Amino acid sequence: MHYFHYQDDELFCEEVPVREIAAREGTPFYLYSHRTLERHFRVFDQAFAGQEHLVCYSVKACSNLSVIALFASLGSGCDVVSGGELFRALKAGVSPAKIVFSGVGKTVTEIEAALEAGILMFNVESAQELLVINEVAGQRGKTAPVALRVNPDVDPQTHPYISTGLSKNKFGIPMGEAVDRYLEAARLPHVRVVGVDCHIGSQLTKVSPFRDALQRIKSLVNTLRRYGMEIRYLDIGGGLGITYEAEEPPQPADYARAVIGVVGDLDCVLIVEPGRVLVGNAGIMVTRVQYTKEGQQKKFVIVDAGMNDLVRPSLYNAYQHIMPVRKTDGAAGRAVAVDVVGPICESGDFLAQERPLPPVQRGDLLAVMSAGAYGFTMASNYNSRPRVPEIMVNGSRYQVVRQRETYEDLVRGEIVAVWEK
């Protein structure tokens, strides 16, 4: 559920007309609904009521400070995958004791920052990383709390680019090596084993892959305890999908029921890392039609947002529903299949292909729905295009929570090299 809706053929975000924001702030822009974000977090968190747990929002989905701070105010921690995301989480007021650090390529600088902050734990992805964390912790006179990310070799049945739990993926430690790696970790002087971690992919629309993976992880936890290890935390990752087009993902309550049904008796604190499911349908991208064009084989709607602003359609061939901001826009005619394309100098620059849309004209506003996750966070300055603003609505008010970049922002930090002759 989300709070984007029509009133008298006008698209509103909560109580604010989207068209009014466009008139004041220009296009394109990302728009988030505070009410939707809050509702999604509460529903997800309450699904695990009765089970000791910690929700660690997956910052990579949408890393705006206002989004992170909202979730923190509701009791959330964070799952971070870089020093920059750690910095954002701390800046937004997240308790370090609620931060887990994942990712396959943690640098020494990032490990040092996380140790100084006092995070809950590192999710370790390789034997070498474990040794580096031990070394860095020793140099700084600290003990690093760790969980090993175990790859259960379970097919998440999702897009191959966002599958992370198969043996061919770069993530985690193979299940067959897990016990040996844990025994090595237990012997290291500057790490402390506190948990087990598993994450099999993103945009999952069935509970069965979660259940299959957790059956294997449960067996591992019991084995490690027989070796005398205290496994306090079980990080089950995230990955629960949302509806973009016709998907029917499980509800958080169904997901939680399946998870608890497998591992609820392990006496662990469950750590869950939702990202897309919290923010995906809480955000849209608003863009304006610049031109319409009829080619020999296709009709094109050319808008002012491109693949640098929203790369998912180009990168994953992902579906994003597109709606008119005013239903009267293009109302005088039947839907026609068009490509909605941007201004980037790439044939792969599109938001939709062969998409039935009512006829639109120059100046009309379109809303690209379900753009809250992996929208702005994957944006770039390709073609030297300033990144667009992020805006949040709360009831009848809105705030620009990230300013639109300027041309000066594009060259900040650059110089024209001058060489002595």
ask   = Condition test on Tyr6, is it farther than 18 Å from Lys327 by Cβ, touching a residue at least 24 places away in the same chain (Cβ under 8 Å) and not in a helix (DSSP H, G or I)?
value = no
Wholly within region 46-142, helices (runs of 4 or more DSSP H) carrying at least 2 residues that are under 29 Å from Tyr30 (Cβ atoms) = 65-73, 83-91, 108-117
task = Tell me which residues, restricted to region 303-322, are surrounded by fewer than 18 Cβ atoms within 10 Å (Cβ to Cβ) and not in a loop (DSSP other than H, G, I, E, B).
result = Leu315, Tyr316
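Considering only residues that are hydroxyl-bearing (Ser, Thr, Tyr) and farther than 25 Å from Leu278 by Cβ, which ones fall in region 79-133?
We begin by selecting, within region 79-133, every residue hydroxyl-bearing (Ser, Thr, Tyr); these are 82, 95, 102, 107, 109, 126.
Passing the criteria: Thr107, Thr109, Ser126.
Taking the options Val289, Val272, Val311, Val325, name whichever one is of a type in the set (Val, Ile, Thr) and not assigned by TED's automatic domain parsing to the domain that holds Arg385. Reasoning before the result, please.
On the way: Val289 fails: not assigned by TED's automatic domain parsing to the domain that holds Arg385; Val311 fails: not assigned by TED's automatic domain parsing to the domain that holds Arg385; Val325 fails: not assigned by TED's automatic domain parsing to the domain that holds Arg385.
The match here is Val272.
Return the residues of region 190-230 that are of a type in the set (A, V, I, L, M, F, W, C) and farther than 26 Å from Tyr316 by Cα; say none if nothing qualifies. Working first, answer last.
So the first thing to find is which residues in region 190-230 are of a type in the set (A, V, I, L, M, F, W, C), and the list is 191, 193-194, 196, 198, 200, 204, 207, 210, 213-214, 217, 220-221, 224, 229.
Matches in region 190-230: Val191, Val193, Val194, Val196, Leu214, Ile217, Leu220, Val221, Leu224, Met229.
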query = Among Ala371, Ala335, which is the only one that is outside the structural domain of Glu38 (by TED's automatic domain parsing) and within 20 Å of the chain's Cα centre (by Cα)?
reply = Ala371
task = Write out, first by first residue and then by second, each pair whose Cβ atoms fall under 9 Å of each other, whose residues are 6+ apart or on separate chains, and whose first residue, in region 62-75, is touching a residue at least 60 places away in the same chain (Cβ under 8 Å) and not assigned by TED's automatic domain parsing to the domain that holds Gly372 while the second is of a type in the set (Ser, Thr, Tyr) and in a helix (DSSP H, G or I).
result = Cys62/Thr377; Ser63/Thr377; Asn64/Thr377
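When you look at Glu14, is it of a type in the set (D, E, K, R) and crowded, with 22+ Cβ neighbours inside 10 Å, yes or no? Walk me through how you get there before you give the answer.
Working: of a type in the set (D, E, K, R): yes; crowded, with 22+ Cβ neighbours inside 10 Å: no.
No.
The values are calculated or read from the model by the stated rules, or taken from the named source; none is laboratory data. This is a predicted model, so every value here is computed, not measured. We place every Cβ from the backbone using ideal geometry, glycine too, and count neighbours over all the protein chains shown.
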